[in-house]
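Inspection log for the structure reproduced underneath, given as structure tokens.
The values are calculated or read from the model by the stated rules, or taken from the named source; none is laboratory data. Source: prediction; values computed, not measured. All Cβ positions, even for glycine, are placed from backbone atoms using ideal geometry, and neighbour counts span all protein chains on display. To get the accessible areas, we keep the full protein, side chains included, count just its heavy atoms, and leave off ligands, DNA and RNA. Shrake-Rupley method; radii C 1.70, N 1.55, O 1.52, S 1.80 Å.
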Amino acid sequence: MSLNLKTYTEHFTNPLYLESGRILEPYDIAYETYGELNDDKSNVIVICHALTGSHHCAGTYEGDKKAGWWDNLIGSGKAVDTDKYFVICTNVIGSCFGSTGPMSPQHPHHNPYRYKFPVITIKDMVKAQRILFDKLGIHNVHAIIGGSMGGMQALLFAIHYPNFASKIISMATTHATQPWAIAFNKVAQEAILKDPDFKGGYYDSQTIKENGLSGMAVGRMAGFISFLSYESMQSKFGREYKNTDGLYELFGKFQVELFLEYNGYNFTKWFDPLSYLYITKAINIYDISRGFDSLGEALKKITCELHLMSFSNDQLFKNFEMKEIGDALAKIGNTNYTYVDIESDYGHDAFLVEVEKFEEYVKDILNG
């Protein structure tokens with residue numbers, strides 16, 4: 001069976017009240033669906049994407065060079081089986097793939113928001129998704145799954161909409177972004193802001209798509225270092241040198257340097273720099289205990305089955321950050337959760353790359 005892949009954009013004219021006290025109106029949410037919704041709407045699985053992800057999490061459209069970002073997990077006969085489940089993934093507000101973000105036209109005129117776009121939080125992203133699902137007549141879902149920033153969204157769904165999902169799987173994330181991760185985001189932010197081609201946020205989108213933005217590329221290189229690990233770089237690149245470069249050429253390159261350059265510069269041609277600034281801000285200020293007296297108090301809100309998954313060599317969100325959530329749940333007497341640390345040398349991106357290490361676990365949770 002095919003994925004039955006479809007993309008939509010939903011337009012909202014009601015104001016979205018943000019955590020900051022600001023209002024976003026009107027706004028759009030782009031989303032993609034896979035599989036068929038059953039009659040009683042009991043087979044819905046929500047997928048939440050990470051920082052640079054989008055609603056296109058699986059399958060391919062005509063002309064696509066590569067499949068959606070979690071195609072190894074989602075599809076016919078896969079762990080998230082689209083023959084059985086109706087999968088929906090939305091693009092978060094603030095992003096640049098169809099949902100309202102800083103380069104969207106500000107109503108009632110057609111100029112982009114740019115810096116007039118309000119600071120949004122992960123909780124705002126989740127609230128907007130919840131409003132979308134209500135509009136689609138989806139008031140309960142079988143499961144929500146997300147990794148990294150997607151895992152942050154999954155946890156906030158569990159706390160702020162406790163009766164919405166039966167099961168929630170949160171991977172490779174944390175209960176509050178720690179200084180180590182904020183520091184990497186700071187490098188990217190500074191590199192973007194100091195690039196003269198960024199023009200203080202008044203750049204031309206088309207020019208950036210064609211030429212890239214070198215400051216953002218440098219910032220993204222720092223990001224890539226945090227997504228991998230010492231061991232994965234060792235096995236992926238070792239000390240391999242570019243064949244055509246001499247060892248004593250000043251700008252001769254190791255393979256790891258080529259990787260960072262290629263991926264850094266390539267990235268800037270498809271991801272908007274202002275969206276990057278706004279979403280990294282949302283990640284930096286993320287803390288599930290904000291508004292509560294403690295982490296334990298926040299976790300007391302959870303009524304669904306919660307599954308926490310860390311990766312042993314994650315350098316961005318350390319595995320013990322996930323364990324802290326499990327320990328806090330145990331302390332308040334919540335026994336309706338599991339915590340597993342997946343053995344992996346890959347680093348943070350293991351949740352995207354090494355699906356074979358946890359797909360059975362996901363399958364068991366969904367079918368259990």
Residue list for the stretch 140-167, filter: open to solvent by less than 20 Å² (accessible area, probe 1.4 Å), in a strand (DSSP E or B) and under 18 Å from Met309 (Cβ atoms): Ala143, Ile144, Ile145, Gly146, Gly147, Ala165, Lys167
- line: Within the stretch 94-126, residues out of contact with any Ser or Thr (no Cβ under 9 Å at 6 or more places or on another chain) and crowded, with 19+ Cβ neighbours inside 10 Å come out as Thr100, Ser104, Ile122, Lys123, Val126
query: Checking Leu37 against (1) exposed (fewer than 15 other Cβ atoms within 10 Å of the Cβ); (2) farther than 19 Å from Lys116 by Cα; (3) of a type outside the set (Ser, Thr, Tyr); (4) over 23 Å from the mean Cα position of the chain (by Cα), which single condition isn't satisfied?
result: (1)
query: Among (1) of a type outside the set (Phe, Trp, Tyr); (2) modelled with pLDDT under 95; (3) within 18 Å of Leu132 (Cα to Cα), where does Ser2 come up short?
result: (3)
message: Residue under question is Gly137, and the condition is that it be open to solvent by 10 Å² or more (accessible area, probe 1.4 Å) and on the phi > 0 side of the Ramachandran plot; does it hold?
response: yes
message: Scan the stretch 221-240 and tell me whether some residue there is open to solvent by 40 Å² or more (accessible area, probe 1.4 Å), under 25 Å from Ser148 (Cβ atoms), aliphatic (A, V, I, L, M) and assigned to a helix (DSSP H, G or I).
response: yes
task: Sort out which residues of the stretch 1-46 are assigned to a strand (DSSP E or B), touching a residue at least 40 places away in the same chain (Cβ under 8 Å) and touching a Ser or Thr at 6+ places or on another chain (Cβ under 6 Å), and write them in order of number.
output: Tyr27, Asp28, Ile29, Ala30, Tyr31, Glu32, Tyr34
Only one of Met216, Met171 that is surrounded by 21 or more Cβ atoms within 10 Å (Cβ to Cβ), closer than 13 Å to Asp272 by Cα and of a type in the set (A, V, I, L, M): Met216
task: Go over the candidates Phe254, Phe259 one by one and state the one that is within 16 Å of Phe227 (Cβ to Cβ), open to solvent by 20 Å² or more (accessible area, probe 1.4 Å) and of a type in the set (A, V, I, L, M, F, W, C).
output: Phe259
- request: Select from the stretch 338-352 the residues that are surrounded by 15 or more Cβ atoms within 10 Å (Cβ to Cβ) and out of contact with any strand residue (DSSP E or B) (no Cβ under 6 Å at 6 or more places or on another chain) and write down the one among them that is farthest from Ile225 (Cα to Cα).
  value: Leu352
- prompt: Any chance the stretch 102-109 includes a residue that's in contact with a helix residue (DSSP H, G or I) (Cβ under 6 Å, 6 or more places away or on another chain), at pLDDT 95 or above and under 30 Å from Asn163 (Cβ atoms)?
  reply: no
message: So for the stretch 319-337 (the condition being part of a strand (DSSP E or B) and open to solvent by less than 20 Å² (accessible area, probe 1.4 Å)), does at least one residue qualify?
response: no
- prompt: Looking at Glu10, is it open to solvent by 10 Å² or more (accessible area, probe 1.4 Å), within 26 Å of Lys281 (Cβ to Cβ) and more than 19 Å from the chain's Cα centre (by Cα)?
  reply: yes
- prompt: Is there a residue being part of a strand (DSSP E or B) and within 16 Å of Ile169 (Cα to Cα) anywhere in the stretch 344-364?
  reply: no
